[in-house]
Structure formats: C-alpha cells, structure tokens
Amino acid sequence: MDIFESDDSSTPLTSDEKNGLKLKWIMLRSELNEAEARNIAKAQIWLYSNKNKDVCSDIFLRELHKRMFDDVWKWAGTYRTSERNIGVVPYQIPLKLMQLFDDVKFWIENKTYPNNEIAVRLHHRLVQIHPFPNGNGRVSRLMADLLMEKLEGRKLYWGNKNLVNVSEVRKAYITALRKANEGDYSDLLEFTFAE
C-alpha cells in the first residue's frame, strides 16, 4: 500500500511534495503517522514554553506548522504552491489568511460570536484556505485550541478521538466541516463541545 495514498477526505500530495519526505526509511502509512505524531508532540512542548504568542498571525501559523512537521517534511512551514481539490489558489493564501486573522480579531473585540464559535470558525476557515501541502486539519485544530486557551483557558473537544486515521469520528468531523462550508456551523460546534 502506498504510504501517500489518501482517502476521500485527505488531500493528495504532488510528486515534489512526496519527495519532501525527510525520513526515507518510512515504508508504511502507520510509520508516517507515528513520525508526524512525535514531531507534533515536540511542537506542543515548544508551544507551552512560549506562552506569549500572537496566535492570529501569518508568522505564527507558519512557525507552528514548521515545528509540527519539520522533522518529517522539507516543506514544513511553507505555503503550498500547487492547486488542490480544496483551498484557495496558492497566490491568494497570504491575503486570505490576513483577512481571516483580521476577522477573528474583530469577532473577539466585538463579541460577534461566543468564544468557542470564534475558535471553530478560525479552524474551519483555515481548513478552507488550506495553506499547506499537508497537515492543514491538524494545524487548524491546534490553532483553534490555542485561541480557546487564550480566550477561556480551555481547549476544544474535537470528538475526543484521533482524527488523523479513518474512522467514524473522522467521517463525522469531515461531514461537519462540509456543512460549515454551507454556513451551518451547528454540527462542527457540537463536535467540539464536551459536556
């Protein structure tokens, strides 16, 4: 089985992006997932040792993605340059991110939505923009968690499961994201709420 084979809800990599894999010993998708998980854990240690961060910035987003994936991918922290089946065209990525971060700051300042909805909308729009070749869902969920921690001192729930592997929980998450594409955030908000 091809370690780069994607399911219906994953974005396929280009040949150049596949060649960006640093760990040439990886032969199985499970090995790739494990290497990325170790790298993400290392990034979380960095996050919690750097408390004063402006989460709503292009610079922070790129640094976070780089720290999450730089042990695994040469292109970590670099915006994609190829078109995808999801996301804006590559040249629009910086502008769309600037608009998103300005919107989030406005929503917070004007209390446009409850804090958890602001975080969910940040997550959803980041996924829609799809700035990186891979890891967009993971970096977007972490960005939403960081914003929630900053606003309320807690993280979102995310179904309390691993959303990287194909599962019923991941399918429900993808369905909620697609519903949010139509402007209905109810399922995504419910998905991130813990009782």
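Values in this text are rule-based calculations from the coordinates and carry no lab data. Here the structure is a predicted model, which is why all the values come from computation and not from measurement. Note that each Cβ is placed from the backbone with ideal geometry, even for glycine, and that neighbours are counted across all protein chains shown.
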>> For the structure I just gave you, tell me whether residue 147 is more than 23 Å from residue 38 (Cβ to Cβ) and among the aliphatic types (A, V, I, L, M).
In response: yes
*Inspect the range 49-61 for any residue being over 26 Å from residue 108 (Cβ atoms), out of contact with any Asp or Glu (no Cβ under 6 Å at 6 or more places or on another chain) and part of a loop (DSSP other than H, G, I, E, B) and give the result as yes or no.*
no
Residue 81 meets each of (1) surrounded by fewer than 18 Cβ atoms within 10 Å (Cβ to Cβ); (2) in a helix (DSSP H, G or I) with one exception, condition (2)
Checklist entry - Looking at the range 76-94, is at least one residue touching a strand residue (DSSP E or B) at 6+ places or on another chain (Cβ under 7 Å), of a type in the set (Phe, Trp, Tyr) and under 14 Å from residue 135 (Cα atoms)? => result no
Reported set for the range 62-78 where residues are of a type outside the set (A, V, I, L, M) and part of a loop (DSSP other than H, G, I, E, B) is 70, 71, 74, 75, 77, 78
Quiz item: Does the range 41-59 contain at least one residue that is closer than 26 Å to residue 171 by Cα and in contact with a Gly (Cβ under 8 Å, 6 or more places away or on another chain)?
Solution: no
Here the qualifying pairs (Cβ atoms under 6 Å; residues six or more apart or on different chains; first in the range 55-67 and without any contact (Cβ under 8 Å) to a residue 40 or more places away in the chain and within 23 Å of residue 38 (Cα to Cα); second acidic (Asp, Glu) and outside any helix (DSSP H, G or I)) come out as 60/54
